[in-house]
């Protein structure tokens with residue numbers, strides 16, 4: 001067990017992170033140690049990252065190096081809003097410090113340099129982005145400031161390379177051979193020779209409208225009303241840019257450093273404020289339980305995402321109405337209230353296996369049309385398919401592989417008077433996951449598993465491990481029509497299972 | 001002008017006027033039902049609320065088939081969509097409409113929009129919302145149990161929505177009980193032994209059902225029909241009428257129904273025929 005982080009008091013007693021707990025206890029017998037809660041830290045950092053989008057649109061959490069995580073803000077072009085870089089750094093770190101966190105921060109031109117300075121020289125602001133300036137600032141820092149692995153740091157230290165300044169002019173090939181590619185890459189990243197990109201937690205937004213409140217608001221109605229106002233402002237912006245958006249995000253910045261995001265999607269690009277406001281109203285109805293203003297909301301931002309060009313269209317007189325717009329609006333309203341997985345359309349997949357030959361996709365997505373996959377209307381198929389085929393008991397046919405004479409389904413017996421000839425559907429051997437499994441249909445009981453194990457698998461099955469299905473259309477005396485299939489074959493040792501897969505009209 | 005053509009043009013004009021005036025087409029519908037009842041099978045005009053009762057959930061496909069067959073006559077270029085709504089947890093009990101099955105039945109699967117919800121309240125809301133849309137031809141709601149929320153008041157709301165919006169609502173219900181409802185038409189569907197398969201006498205052939213009109217607020221109730229669905233002809237046919245050629249059958253088009261609008265019926269089948 002090792003220490004992950006130490007507070008100021010512990011530092012004064014000579015404890016450092018990465019020290020083993022035993023050593024630390026020897027130094028400070030009354031040490032209070034807590035196990036690190038990674039989930040909590042991740043959640044906390046995610047909240048912080050979202051909340052800091054008030055300062056800059058691009059915020060990311062880097063969890064790869066430090067055991068607790070690093071918050072990275074791209075402040076290109078935004079520091080003037082806070083009165084300069086110095087003021088911005090002070091304001092951002094102070095707000096966190098007021099909440100009782102120990103914060104170290106720095107501003108530099110590269111992510112690597114900023115990380116190194118924030119961890120080893122907090123408070124530094126390095127305005128220039130030139131490699132030489134960066135190098136002078138970093139030269140005296142220990143090699144660990146380059147975000148290296150523990151083994152890499154230990155290896156470098158063993159060779160007496162303790163400062164960043166010592167390793168820059170070494171033979172790069174030899175260094176790569178000895179310490180891996182990571183070392184040279186990290187060095188180049190810190191000095192700005194190669195680019196490093198951030199993965200922002202929130203989708204980047206180009207068009208948004210926001211409102212800050214003097215007094216925090218807490219009522220859902222207030223939020224929705226503000227949302228409506230913002231929608232009008234945002235849509236004017238979009239109109240000026242001749243753009244439409246397919247996604248709208250409403251960010252609620254809470255006083256206590258949390259951000260709630262509500263997202264609605266539109267089936268087609270829109271900039272109609274009334275429609276957007278209505279979608280948010282429906283969305284709010286669905287999730288009143290999710291809405292938690294905490295101690296209040298001090299800023300609301302409405303952002304448009306998924307932008308595309310939308311030219312001005314004629315509405316009102318001489319309008320062409322073909323219904324698609326009405327239908328898209330209906331889809332949006334239904335999806336915003338019921339969730340996007342509630343409004344669906346059929347898409348066909350090119351396969352013979354009945355349950356895989358189609359899938360339901362959200363109606364607002366573009367449905368791929370594959371002419372090969374379109375179903376053949378001449379092939380008899382049931383009007384309703386059971387999502388999970390149901391196991392039925394079938395009286396053994398007169399001849400092996402022959403049609404069934406009757407069945408028991410949902411505890412009701414049926415006697416068939418009409419049976420079609422079988423239609424064999426075999427597994428698709430050219431696919432990876434080609435096996436037609438019965439596993440998904442029913443979990444076998446332990447006795448059944450034991451029984452199957454006790455049976456000796458015969459040669460036939462060994463040679464053909466792919467079961468095929470024989471589908472029958474059956475009709476009973478009253479006129480109920482069903483789609484039955486037999487999975488596998490009758491052999492000397494095995495009895496195949498029968499399933500009911502669908503009902504005919 | 002050919003008589004039939006004239007009739008369909010007149011029918012179109014009537015529907016257009018009704019759409020413009022936003023007036024319920026009930027009065028018109030009653031006349032139309034009376035007209036078609038003598039000749040063949042009833043085809044209901046738009047803007048009505050139907051209840052389709054099946055004895056048990058194993059007959060779910062028959063109710064759906066009947067509703068789809070009626071709904072398909074209502075699809076127009078400016079009303080392209082039919083909605084199917086179901087509670088998510090009832091999908092296994094009743095089965096989900098199957099795309100390939102719809103195609104072999106004669107219904108274009110791309111016209112159907114699925115709405116899968118968690119609660120009955122959401123289902124009612126979604127029905128109302130869809131019925132209010134000008135681009136929806138019909139809404140088919142599959143309700144497995146007998147939920148308390150779906151009472152007379154709720155059905156009255158839906159019936160009024162359907163009348164004002166001009167889309168038809170088909171509520172598929174199961175079981176022997178009949179609750180108070182504001183539906184204008186109530187049908188009972190029972191299975192019947194299928195027709196003959198031409199090449200294989202032992203196999204099930206053309207699907208047939210017994211359809212009873214239990215209630216008709218527009219007049220004429222209590223008549224039982226044995227009906228076949230002929231997908232290649234695109235329409236219902238009375239099983240008794242098999243010897244006669246279907247009345248509305250125009251060469252190249254596939255309407256077996258008097259009163260139906262042939263051009264709309266067989267959009268896909270026209271191409272294949």
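For this structure, a couple of remarks:
- In the range A:131-152, of all residues being without any contact (Cβ under 8 Å) to a residue 12 or more places away in the chain and under 16 Å from residue A:190 (Cα atoms), the one that is surrounded by the fewest Cβ atoms within 10 Å (Cβ to Cβ) corresponds to A:132.
- Residue pairs meeting the criteria (Cβ under 9 Å; at least 6 apart or on separate chains; first more than 7 Å from chain B (Cβ to nearest Cβ), in the range A:371-384; second surrounded by 15 or more Cβ atoms within 10 Å (Cβ to Cβ) and assigned to a strand (DSSP E or B)): A:372/A:348; A:373/A:347; A:373/A:348; A:373/A:358; A:374/A:348
- Complete set of residues in the range B:140-175 that are under 12 Å from residue B:83 (Cβ atoms) and without any contact (Cβ under 8 Å) to a residue 60 or more places away in the chain: B:141
- Within the range A:76-95, considering residues that are under 30 Å from the mean Cα position of the chain (by Cα) and buried (at least 18 other Cβ atoms within 10 Å of the Cβ), the one farthest from residue A:150 (Cα to Cα): A:92
- In the range A:159-189, the qualifying residues are those that are outside any helix (DSSP H, G or I) and in contact (Cβ under 8 Å) with a residue 12 or more places away in the chain, and the one that is farthest from residue A:127 (Cα to Cα) is A:180.
- Meets criteria (part of a loop (DSSP other than H, G, I, E, B), in contact with a helix residue (DSSP H, G or I) (Cβ under 9 Å, 6 or more places away or on another chain) and assigned by TED's automatic domain parsing to the domain that holds residue A:87) for residue A:140: yes
- Taken residue by residue, the range A:292-304 has no member that is surrounded by 17 or more Cβ atoms within 10 Å (Cβ to Cβ), free of Cβ contacts under 8 Å to residues at least 60 places away in the same chain and in the same structural domain as residue A:236 (by TED's automatic domain parsing).
- Every residue from the range B:49-80 that is more than 14 Å from every other protein chain (Cβ to nearest Cβ) and modelled with pLDDT under 90: B:73
- Taken residue by residue, the range A:423-430 has at least one member that is farther than 26 Å from residue B:94 by Cα, free of Cβ contacts under 8 Å to residues at least 24 places away in the same chain and within 44 Å of the chain's Cα centre (by Cα).
- Residue within the range B:61-76 that is crowded, with 24+ Cβ neighbours inside 10 Å and either closer than 25 Å to residue A:337 by Cα or in contact with a helix residue (DSSP H, G or I) (Cβ under 6 Å, 6 or more places away or on another chain) (or both) present: no
- Note on the range A:190-215: residues that are assigned to a loop (DSSP other than H, G, I, E, B) and in contact (Cβ under 8 Å) with a residue 40 or more places away in the chain amount to 12.
- One residue stands out among those in the range B:111-136 that are assigned to a strand (DSSP E or B) and in contact with a helix residue (DSSP H, G or I) (Cβ under 6 Å, 6 or more places away or on another chain): the one that is farthest from residue B:179 (Cα to Cα), which is B:136.
- Test: residue in the range A:71-83 that is within 25 Å of residue A:141 (Cα to Cα), touching a residue at least 60 places away in the same chain (Cβ under 8 Å) and out of contact with any strand residue (DSSP E or B) (no Cβ under 7 Å at 6 or more places or on another chain): no
- Checked against (1) part of a loop (DSSP other than H, G, I, E, B); (2) under 30 Å from residue A:252 (Cβ atoms); (3) in contact with a strand residue (DSSP E or B) (Cβ under 6 Å, 6 or more places away or on another chain), residue A:60 meets all criteria but (1).
- Being in a helix (DSSP H, G or I), within 8 Å of chain B (Cβ to nearest Cβ) and either modelled with pLDDT under 85 or under 30 Å from residue A:425 (Cβ atoms) (or both) holds for only one residue in A:326, A:322, and it is A:326.
- In the set (1) surrounded by fewer than 22 Cβ atoms within 10 Å (Cβ to Cβ); (2) modelled with pLDDT under 70; (3) touching a strand residue (DSSP E or B) at 6+ places or on another chain (Cβ under 9 Å), residue B:27 fails one condition alone, (3).
- Residue A:234 vs. criteria surrounded by 22 or more Cβ atoms within 10 Å (Cβ to Cβ) and over 13 Å from residue A:305 (Cβ atoms): no
- Residue A:41 being closer than 20 Å to residue A:100 by Cβ and either more than 40 Å from the chain's Cα centre (by Cα) or in the same structural domain as residue A:72 (by TED's automatic domain parsing) (or both): yes
- One residue from A:303, A:312, A:395 being at pLDDT below 80, touching a strand residue (DSSP E or B) at 6+ places or on another chain (Cβ under 8 Å) and away from every other protein chain (no Cβ under 13 Å): A:395
- Test: residue in the range A:257-280 that is in the same structural domain as residue A:227 (by TED's automatic domain parsing), closer than 21 Å to residue A:53 by Cα and outside any strand (DSSP E or B): yes
- Considered as a group, the residues in the range B:81-95 that are surrounded by fewer than 24 Cβ atoms within 10 Å (Cβ to Cβ) and at the interface with chain A (Cβ under 7 Å from one of its Cβ atoms) include one that is farthest from residue B:157 (Cα to Cα), and that residue is B:92.
The values are calculated or read from the model by the stated rules, or taken from the named source; none is laboratory data. Please read all numbers here as calculations on a predicted model, not as lab measurements. Every residue, glycine among them, receives a Cβ derived from its backbone with ideal geometry; neighbour counts consider all protein chains shown.
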